[in-house]
Amino acid sequence: MLKGSCLCGSVRYEIDGPLDAALHCHCSMCRKAHGAAFRSRAGIRAKDFRWVSGEGLITWFESSPGNHRGFCSRCGSPLLSRFDFRPDRYGLPLGCLDTDPGVRPAMHVFVGSKAPWFEITDALPRFQEFPPR
């Protein structure tokens with residue numbers, strides 16, 4: 001069982017299932033939403049995720065058509081992404097996990113729009129956009 005929470009601790013969640021597709025996203029939306037050089041995230045099945053407390057504090061923002069980013073309305077922590085085109089899957093920012101996710105990011109995506117002040121120094125594969133599926 002994985003556990004996660006926001007910065008202020010008002011919102012808590014649990015995941016009872018595997019994470020997959022872990023990556024570092026360098027797109028401008030992820031950079032701005034996280035205030036960082038990139039967002040580390042993984043995919044999860046929606047049925048494996050549950051809010052433990054504070055669900056009513058989640059504010060949703062549609063950052064692009066069909067992509068909804070949820071964050072704590074008290075502290076601003078980014079907690080989850082939902083997708084209209086794939087309601088059975090969520091995107092999970094790894095930074096709010098309180099336990100080891102058991103996966104590690106396997107690639108960098110959208111490096112074509114990465115922050116100019118950040119240099120990628122690891123040997124993970126890099127993709128200008130999202131890799132072909």
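By a 1.4 Å probe calculation restricted to protein chains, LYS3 has an accessible surface near 100 Å², given to the nearest 10.
Ordering CYS96, MET107, PHE61 by Cα displacement along the dipole of the range 61-122 toward the positive end leaves PHE61 in first place; charges were set at the Cβ atoms of Lys, Arg (+1) and Asp, Glu (-1).
Local charge for ARG31 was computed over the other residues whose Cβ lies under 9 Å away, with Lys and Arg +1 and Asp and Glu -1, and equals +3.
Give me the net charge for the shell around ARG12: Cβ to Cβ below 11 angstrom, other residues only, Lys and Arg +1, Asp and Glu -1.
Working: positive: LYS3, ARG50; negative: GLU14, GLU55, ASP98.
Result for the local shell: -1.
Rounded to the nearest 20, the Cβ-based charge dipole of the chain about its Cα centre (Lys and Arg +1, Asp and Glu -1) stands at 180 debye. Label zone (ASP98, point 7 Å along Cα-to-C-beta; backbone nitrogen cut-off 18 Å) within the range 17-60: 17, 49-58. What's the Cα-based Rg to Rh of the chain, Rh via Kirkwood? Ratio of gyration radius to Kirkwood radius: 0.95.
Peptide packing for 82-89, 119-126 was compared via the average number of neighbouring C-beta atoms within 10 Å per residue; ordered from the highest value, the list is 82-89, 119-126. Reducing the range 16-48 and the range 56-133 to their Cα centroids gives an inter-centroid distance of 3 Å. Our coupling estimate for the range 30-47, obtained by passing each phi through the Karplus curve with A = 6.51, B = -1.76, C = 1.60 and θ = phi - 60°, is 5, 4, 5, 5, 9, x, 9, 5, 6, 10, 8, 9, 9, x, 9, 7, 4, 5 Hz, Gly and Pro reported as x.
In nm, what is the difference between 0.36 nm times the number of residues separating LYS3 and GLU119 and their Cα-Cα distance? Spell out each step's value before the answer.
Numbers: separation 116, 0.36 × 116 = 41.76 nm, distance 3.09 nm.
38.7 nm is the gain from fully extending LYS3 to GLU119.
Placing +1 on the Cβ of every Lys and Arg and -1 on the Cβ of every Asp and Glu, with nothing else charged, gives the range 1-66 a dipole about its Cα centre of roughly 180 debye. About the centre of its Cα atoms, the range 91-133 shows a dipole size close to 200 debye [charges on the beta carbon of Lys, Arg (+1) and Asp, Glu (-1) only; nearest 20 debye].
The values are calculated or read from the model by the stated rules, or taken from the named source; none is laboratory data. Since the model is a prediction, treat every value here as computed from it, not as a measurement. Note: ideal-geometry Cβ built from the backbone for every residue, glycine included; neighbour counts use all protein chains shown. Side chains included, ligands, DNA and RNA excluded: accessible areas come from the protein's heavy atoms. Shrake-Rupley method; radii C 1.70, N 1.55, O 1.52, S 1.80 Å.
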